[in-house]
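The values are calculated or read from the model by the stated rules, or taken from the named source; none is laboratory data. The shown structure was predicted, so the numbers you read here are calculated from the model rather than taken from an experiment. Methodologically, a virtual Cβ is constructed for each residue, glycine included, from the backbone with ideal geometry; neighbour enumeration extends over all protein chains shown. Areas reflect the complete protein model, heavy atoms only, side chains present, ligands, DNA and RNA absent. Shrake-Rupley method; radii C 1.70, N 1.55, O 1.52, S 1.80 Å.
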Amino acid sequence: MRRDEFAMEDPHEVEDFLNGMSFGFLGTTDEAGIPRVTPLNFAYVNGVFYFHGSRMGEKMEHLRRTPAVCFTVADEYALIPSYFSDPEMACPATAFFKSVTAVGEVILVDDLEEKALAMEALMQKLQPEGGYRTIDASDRAYIPRLKGVAVIKLAPQRMSAKFKFGQNLKPERLNSVVEELECRGKHRDEETAELMCKYHPGPR
């Protein structure tokens, strides 16, 4: 059952999340309809996902045969044990996370300018400190490399985002979980507590 309270409709929040992530999972199907999930790096530019790789291989065979795909990006922030809010029952145990799922048909990019745009966006994400020559379609050193690499474009026909941070919790229970996170102090606990307060629809 879909929990609408976890749906994220703000496009700026979604874009910020995607720009901060570099890794996702591409779902394809083979000729027999058997699904395959491929983990890969991505860039998100002007509402479009870009992936790169070899022109050959099972993934490319799937995409050429059946261009309809599903792509998911997710980031887990914190595991929330049941005893944060209930001393006995296991039911409250959960995880807080952000995720985005996009569905659509991919195309293979041939235009060198667009390839350069996609590859430069990937490099800025994977190597933000620089230390490389900017990828430019007019750069003779890059032209053969751009021609040789496969760049895949996904313009989503449908995209949904789920940011789960206890939006369904009553204020008393929300406060309890926030306090437990602040006391526990694990990696990202403080960040998670802040996001719980940010996204919760009611007063604390």
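How much accessible area per residue does the stretch 1-131 have, in Å², with a 1.4 Å probe?
On the way: 7180 Å² over 131 residues.
Ligands and nucleic acids excluded, the figure is 55 Å² per residue.
Taking 23 Å as the straight-line reach from the Cα of LYS164, the lysines in range (excluding those fewer than 8 positions away in the same chain) are LYS98, LYS186, LYS198. Approximating the spin labels as points 7 Å out from Cα along Cα→Cβ, the GLU58-to-GLU5 distance works out to 4.1 nm. Would you work out what percent of the accessible area of the chain, with all protein chains in place, is carbon or sulfur (probe 1.4 Å)? Carbon and sulfur: 51 percent of the exposed surface of the chain.
What is the diffusion coefficient of the stretch 82-204 in µm²/s, taking the Kirkwood radius over Cα pairs and the Stokes-Einstein relation at 4 °C with a viscosity of 1.567 mPa s? Each step should come with its number before you reach the end.
Details: Rh = 18.5 Å.
In µm²/s, the coefficient is 70.
For the stretch 123-204, the set of chymotrypsin sites (Phe, Trp or Tyr not before Pro) satisfying both a DSSP loop assignment and a count of at most 11 other C-beta atoms within 10 Å is given as TYR132.
Amide H to amide H, with H built 1.01 Å from N, ASP136 comes under 5 Å of no residue 5 or more places away or on another chain.
If you put +1 on each Lys and Arg Cβ and -1 on each Asp and Glu Cβ, how big is the dipole of the stretch 1-144 around its Cα centre, in Debye rounded to 20? Provide the component values of the computation, followed by the final result.
Working: 12 positive and 24 negative charges, 115 e Å.
Using Cβ point charges on Lys, Arg, Asp and Glu, the stretch 1-144 gives about 560 debye.
The label-point distance for LYS170 and LEU108, in a model that sets each label 7 Å from Cα toward Cβ, rounds to 5.9 nm. For ALA93, the residues whose modelled amide H falls within less than 5 Å of its own, excluding neighbours fewer than 5 places apart on the same chain, are SER82.
Once you reduce the stretch 59-118 and the stretch 130-158 to the center of their Cα atoms, the two points are 23 Å from each other. Under the simplified labelling scheme, the ALA93-SER138 pair shows an inter-label distance of 6.0 nm, with each label point 7 Å from Cα along Cα→Cβ.
If you bin all the Cα-Cα distances of the stretch 164-204 at 5 Å, starting from zero, the percentages per bin are 6, 30, 35, 21, 7, 1.
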